[in-house]
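Beneath this line is the structure, given in structure tokens, with notes to follow.
Read-outs: derived from the displayed coordinates by stated rules, not from any lab. In this text the structure is predicted, and so the values were computed from the model without any measurement. Here the Cβ positions follow ideal geometry from the backbone for every residue, glycine too, while neighbour counts run over all protein chains shown.
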Amino acid sequence: MVRAASFLFLLIPFVFVESAAGSFSTLHESPRTTFVEKTLALVDLLVAKHVNRPSRTQVLRGGVKRIAETFNLSQEEWLGRFEAAGDECGSTLGNLFDAAQKSSSPGSDMTVEMGRGILAGTPGGAAPVDAEEAKVDKSLTANRYVGVGVYLKWEDRPKVTRTFYGGPAHEAGIKPGETIYEINGLDTAKMDLQEFMTYARGPSGSEVIYVMGHPGSKARRPVKMIRRETPRQTVSGVFREDSGEWNFSLPNAPAAYVKVESFDASSAHELRRAARRIRDDRVKAVILDLRECWAPDAHCSVLVADALLAGGVIGSIRSKEGDKDYIAGPDALFGDLSMAVLVGPRTRGGAEWLAASLRMRKRAILVGQNTPGASGLRSTFEVPGWTSHVRFVTQWLLSPHSADQSKGSILRSVQPDKKVGGADTDPIPVALESLGLWRSA
């Protein structure tokens with residue numbers, strides 16, 4: 001049990017694809033009132049929820065700059081007006097609207113431009129999120145997705161990179177490398193990503209039909225599937241046995257290999273299951289692969305860290321209420337095994353925080369490449385009056401600290417103990433050698 005000491009791809013439900021830029025649209029209302037009310041709704045949400053606890057004036061700066069640039073107004077003058085107005089800025093927003101109305105850019109929507117400017121200037125970044133995508137994000141963290149269970153790479157058409165084991169697509173025989181040529185009788189070549197998402201989504205129990213094939217072949221086959229909830233496995237091993245269970249034993253080395261792709265509600269449980277199988281294999285070390293691990297949720301990151309550390313401070317997380325230390329319970333998985341952790345440019349968020357903590361606690365050595373320092377954990381909120389939700393930083397992951405280190409700095413890039421070359425270089429032999437289990441020629 002973790003206790004707190006006082007002092008968080010674009011997903012179609014069960015379809016993962018590369019993210020496309022969202023739009024920030026508004027409902028149609030009277031222009032001046034709409035501009036003022038919707039701007040204040042967005043500003044006040046950021047003031048109330050953003051981890052940096054900004055003032056109204058600070059949040060508005062990016063939007064005022066964008067309006068001034070778009071509508072040929074003086075940035076210096078209008079920034080000065082809002083600085084003088086402080087939090088009582090409603091009338092100043094109205095005056096800004098009136099001034100922009102007289103400009104030479106009548107085709108631009110002032111409310112949308114203000115929203116874009118505010119989000120662009122938000123510390124840590126902020127982005128509009130489609131309402132359906134916001135719902136999917138929530139299901140992602142809970143590991144309760146509804147769909148057919150395929151990962152996609154978007155080219156001219158959607159191409160399957162892999163399927164969820166035990167999901168509808170896997171059971172229907174869909175294979176990596178196949179392309180989806182039709183969905184529900186519609187040609188995917190004539191769709192953009194957003195339209196494909198519309199047809200791919202659906203409630204549990206609903207039917208969807210894909211027409212599958214391979215590029216360069218005229219052979220096509222229809223695949224009928226029923227969408228359902230099927231948990232995504234976030235932990236994998238070396239190969240899957242006939243029973244469906246993962247085998248974690250590395251060949252020719254007394255070590256286990258455990259890959260974690262994300263930290264969600266099931267990840268700590270999956271690691272415990274892996275540990276039971278690894279204990280049976282009587283290995284001497286475990287290699288924990290976090291190179292592809294995206295961990296944007298604080299709670300799930302803490303649960304995984306608690307599973308891997310025994311006692312003491314895991315690390316700290318900053319919210320608008322202040323900094324909080326998280327303390328690990330007395331027991332840890334793989335506690336009798338030495339450990340190496342693989343990291344790289346796609347190790348993000350809570351995975352970086354965990355790797356840094358494991359090293360600081362002298363529990364593991366890190367092997368691979370520098371991580372990006374993606375320490376801002378984002379939450380998604382509905383904005384009153386806007387058709388889009390908005391996602392921004394509500395927590396910062398802090399660097400692990402010991403008695404002789406300063407406390408409270410935001411986690412930056414984590415650098416490995418043993419650096420390995422580019423993406424084509426296998427870090428596992430380096431990890432084994434660092435653990436004393438492998439000797440290079």
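Loop-resident GluC sites (Glu not before Pro) (DSSP state other than H, G, I, E or B) in the range 44-129 with no more than 10 further Cβ atoms inside 10 Å of their Cβ: Glu88. For the chain, the 222 nm mean residue ellipticity estimated from helices alone, with every DSSP H stretch of n ≥ 4 adding -39500 (n - 2.57) and the total spread over all residues, rounds to -9500 deg cm²/dmol. For Val129, the residues whose amide H sits under 5 Å from its own are His389, Val390, Arg391, ignoring neighbours fewer than 5 places away on the same chain, with H placed 1.01 Å from N. Working note: Karplus 6.51/-1.76/1.60 with θ = phi - 60° gives the range 274-279 the couplings 5, 4, 5, 6, 5, 4 Hz, where Gly and Pro are set to x.
Between amide H atoms placed 1.01 Å from N, distances below 5 Å from Val286 occur with Ala256, Ser338, Met339, Ala340, all of them 5 or more places distant or on a separate chain.
If you take all C-alpha pairs in the range 134-229, what percent of them are over 24 Å apart? Write down the numbers at each step before the final one.
Numbers: 673 of 4560 pairs.
Of all Cα-Cα pairs in the range 134-229, 15 percent lie more than 24 Å apart.
In the range 134-229, a dipole from Cβ-located charges (positive for Lys and Arg, negative for Asp and Glu) runs towards its positive end, and of Thr179, Ser217, Val146 it is Val146 whose Cα lies farthest in that direction. Name the residue from Ser30, Pro168, Ser204 whose Cα lies farthest towards the positive end of the charge dipole of the chain, charges +1 on Cβ of Lys and Arg and -1 on Cβ of Asp and Glu. After comparing all options, I get Pro168. Mean sequence separation of contacting Cα pairs (under 8 Å, at least six apart), scaled by the length of the range 31-127, corresponds to a relative contact order of 39 percent. 3J(HN,Hα) couplings calculated from phi for the range 389-398 with the Karplus curve 6.51 cos²θ - 1.76 cosθ + 1.60 (θ = phi - 60°) are, in sequence order, 7, 9, 10, 7, 6, 10, 8, 10, 7, 9 Hz; Gly and Pro show x.
Multiplying the sequence separation of Asp331 and Ser91 by 0.36 nm and subtracting their Cα-Cα distance, what value in nm do you get? Mind dumping the intermediate values first?
Numbers: separation 240, 0.36 × 240 = 86.40 nm, distance 5.85 nm.
Taking Asp331 through Ser91 to full extension adds about 80.5 nm, to one decimal.
Of all the C-alpha pairs in the range 337-433, what % are more than 17 Å from each other? Summing the P(r) of the range 337-433 above 17 Å gives 58 percent of all pairs.
Rounded to the nearest 20 debye, the dipole size of the range 118-258 about its Cα centre is 220 debye, using +1 on the Cβ of Lys and Arg and -1 on the Cβ of Asp and Glu. Size descriptors for the range 31-127, from the alpha-carbon set: Rg then Dmax equal 12.2, 38 Å. Dipole magnitude for the range 31-127: computed about the Cα centre from +1 point charges on Lys and Arg Cβ and -1 point charges on Asp and Glu Cβ, it is near 220 debye. Rounded to the nearest Hz, the phi-derived 3J(HN,Hα) couplings of the range 95-100 under the Karplus curve 6.51 cos²θ - 1.76 cosθ + 1.60 (θ = phi - 60°) are 5, 4, 4, 4, 5, 5, where x marks glycine and proline.
Here the range 314-381 yields Rg over Rh of 1.01, to two decimals, using C-alpha coordinates and the Kirkwood radius. Scanning residues 5 or more positions from Val223 or on other chains, those with amide H under 5 Å from its amide H are Tyr210, Val211, Met212, with H placed 1.01 Å from N in the peptide plane. Using only side-chain charges placed at the Cβ, +1 for Lys and Arg and -1 for Asp and Glu, the dipole size of the chain relative to its Cα centre rounds to 940 debye.
Normalised by 2.2 N^0.38 Å, where N is the number of residues, the alpha-carbon radius of gyration of the chain equals 1.12.
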